[in-house]
């Protein structure tokens, strides 16, 4: 078994898998070290919304990264299918960000005007037009922002496609390989100690989501904590939606292939459990039926919870650790891990290979901001 690599990736979620794919595609030797199975945590629990402008309102590096990443998916999905035969079910039918109160409408009209400045396809529509696009929506809504560029896909399949794509290009994936600690020498990381022995690498990337703090003391790491999100899936015998429906508070309805609708998500900070409460299910069903009354006729399929890694300021940490040589960060994507995975993988791969990223906003996500208390 090979023990030395150009890059070791701690964690086997979508961010790690994307970095591994983009690294191995450029000829680097890479190993993914996953304590369970690839994609078994937040990556498979997500709804798979590619909602750049739905999730992020303010102009700046995070929105730039999101829009860049969203634009990469059509080509990425195509090449992954050619290499792995995995269909990640990319759907590009747009998104409606719906106002459910008069106050919502006032806020969203301003946001629509703001987004329209840099994306002419984004605009405010009234209730009549919203219900022409989605006839099943409640007549009690107050209008919506239409975002034609947003889409969605199957996140678990995307994670598997990226990991298999990395394997296609020569990467190694070690499942059930629990990383215990970093191997350090004079403030330089040399490798990792795992349940399957020691692995050595020129560079080590912590891409372990909510569990990132397992591997390095908090004074050397920005704050990252889990935000538990409960979701449910319903099955409808007739089409109820074509577009993703999104509320400003983060609630969503996502129509999947085969008549499934994914509904989410609650927000429970610092909760590492993955149980689903009756209260959470009731909250989601009440919200869903108020927006889409016919959903009451759908049948219940399943409920689940995922742990989304959040940082104090809501931005991911990307790039080299400022105090520990050869150690890199790629975690804290919170609700946007699927959306940001494409650009994160490419930018991190380029940086790890010594290429200067072409994106000036990359520096905005570095760990130094946590130590300095600023972006």
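The values are calculated or read from the model by the stated rules, or taken from the named source; none is laboratory data. All values derive from a computational prediction rather than experimental measurement. When we count neighbours, we look across all protein chains shown, and the Cβ atoms used for this are built from the backbone with ideal geometry, even at glycine.
Scanning the stretch 282-303 for residues that are touching a strand residue (DSSP E or B) at 6+ places or on another chain (Cβ under 6 Å) and within 25 Å of residue 210 (Cβ to Cβ) gives 284, 302, 303. Residues of the stretch 257-282 that are buried (at least 17 other Cβ atoms within 10 Å of the Cβ) and assigned to a helix (DSSP H, G or I): 280, 281. Looking only at the stretch 315-328, decide whether some residue is under 20 Å from residue 228 (Cβ atoms) and either without any contact (Cβ under 8 Å) to a residue 12 or more places away in the chain or touching a strand residue (DSSP E or B) at 6+ places or on another chain (Cβ under 6 Å) (or both). For the stretch 315-328, residues under 20 Å from residue 228 (Cβ atoms) and either without any contact (Cβ under 8 Å) to a residue 12 or more places away in the chain or touching a strand residue (DSSP E or B) at 6+ places or on another chain (Cβ under 6 Å) (or both): absent.
Before we move on, is residue 194 modelled with pLDDT of 95 or more, surrounded by fewer than 14 Cβ atoms within 10 Å (Cβ to Cβ) and either in the same structural domain as residue 323 (by TED's automatic domain parsing) or closer than 29 Å to residue 122 by Cβ (or both)?
Spelling it out, it is not the case that residue 194 is modelled with pLDDT of 95 or more, surrounded by fewer than 14 Cβ atoms within 10 Å (Cβ to Cβ) and either in the same structural domain as residue 323 (by TED's automatic domain parsing) or closer than 29 Å to residue 122 by Cβ (or both).
For the stretch 216-235, the set of residues classified as surrounded by fewer than 20 Cβ atoms within 10 Å (Cβ to Cβ) and at pLDDT 95 or above consists of 233, 235, listed by residue number. Report yes if residue 269 is over 30 Å from residue 237 (Cα atoms) and outside the structural domain of residue 11 (by TED's automatic domain parsing), otherwise no. Considered against the rule, which asks whether it is over 30 Å from residue 237 (Cα atoms) and outside the structural domain of residue 11 (by TED's automatic domain parsing), residue 269 comes out as yes. Within the stretch 29-50, the residues that satisfy the criterion of being surrounded by fewer than 22 Cβ atoms within 10 Å (Cβ to Cβ), touching a strand residue (DSSP E or B) at 6+ places or on another chain (Cβ under 8 Å) and at pLDDT 95 or above are 29, 35. Here the stretch 1-23 is the region considered, the condition is being farther than 20 Å from residue 327 by Cβ and at pLDDT 95 or above, and the residue that is surrounded by the most Cβ atoms within 10 Å (Cβ to Cβ) is 14. For the stretch 284-305, the set of residues classified as exposed (fewer than 15 other Cβ atoms within 10 Å of the Cβ) and in contact (Cβ under 8 Å) with a residue 40 or more places away in the chain consists of 290, 297, 299, 300, 301, 302, listed by residue number. The selection criterion, being modelled with pLDDT of 95 or more, touching a helix residue (DSSP H, G or I) at 6+ places or on another chain (Cβ under 8 Å) and part of a loop (DSSP other than H, G, I, E, B), holds for residue 240.
Being in contact (Cβ under 8 Å) with a residue 40 or more places away in the chain, surrounded by fewer than 20 Cβ atoms within 10 Å (Cβ to Cβ), assigned by TED's automatic domain parsing to the domain that holds residue 12 and in a loop (DSSP other than H, G, I, E, B) narrows it down to one residue among 176, 200; which is it? Step through it out loud before you land on a result.
On the way: 200 fails: in a loop (DSSP other than H, G, I, E, B).
From the options 176, 200, the qualifying one is 176.
Taken residue by residue, the stretch 150-159 has no member that is surrounded by fewer than 20 Cβ atoms within 10 Å (Cβ to Cβ), part of a loop (DSSP other than H, G, I, E, B) and in contact with a strand residue (DSSP E or B) (Cβ under 9 Å, 6 or more places away or on another chain).
Kindly indicate whether any position in the stretch 162-169 is surrounded by 22 or more Cβ atoms within 10 Å (Cβ to Cβ), over 17 Å from residue 72 (Cβ atoms), in contact with a strand residue (DSSP E or B) (Cβ under 8 Å, 6 or more places away or on another chain) and modelled with pLDDT of 95 or more. The answer is yes, given that some residue of the stretch 162-169 is surrounded by 22 or more Cβ atoms within 10 Å (Cβ to Cβ), over 17 Å from residue 72 (Cβ atoms), in contact with a strand residue (DSSP E or B) (Cβ under 8 Å, 6 or more places away or on another chain) and modelled with pLDDT of 95 or more. For the stretch 246-256, a tally of residues being over 14 Å from residue 285 (Cα atoms) and either touching a residue at least 60 places away in the same chain (Cβ under 8 Å) or in a strand (DSSP E or B) (or both) returns 6.
Hey, among 290, 305, 298, which residue is at negative phi and under 20 Å from the mean Cα position of the chain (by Cα)? Working first, answer last.
Numbers: 290 fails: under 20 Å from the mean Cα position of the chain (by Cα); 298 fails: under 20 Å from the mean Cα position of the chain (by Cα).
Of 290, 305, 298, the one residue that is at negative phi and under 20 Å from the mean Cα position of the chain (by Cα) is 305.
Taking the stretch 63-115 as the range and being on the phi > 0 side of the Ramachandran plot and touching a helix residue (DSSP H, G or I) at 6+ places or on another chain (Cβ under 8 Å) as the test, only 89 passes. Tell me, please, whether a residue that is touching a strand residue (DSSP E or B) at 6+ places or on another chain (Cβ under 6 Å) and more than 19 Å from residue 290 (Cβ to Cβ) can be found in the stretch 133-145. Checked against the condition, which is being touching a strand residue (DSSP E or B) at 6+ places or on another chain (Cβ under 6 Å) and more than 19 Å from residue 290 (Cβ to Cβ), the stretch 133-145 yields no hits at all.
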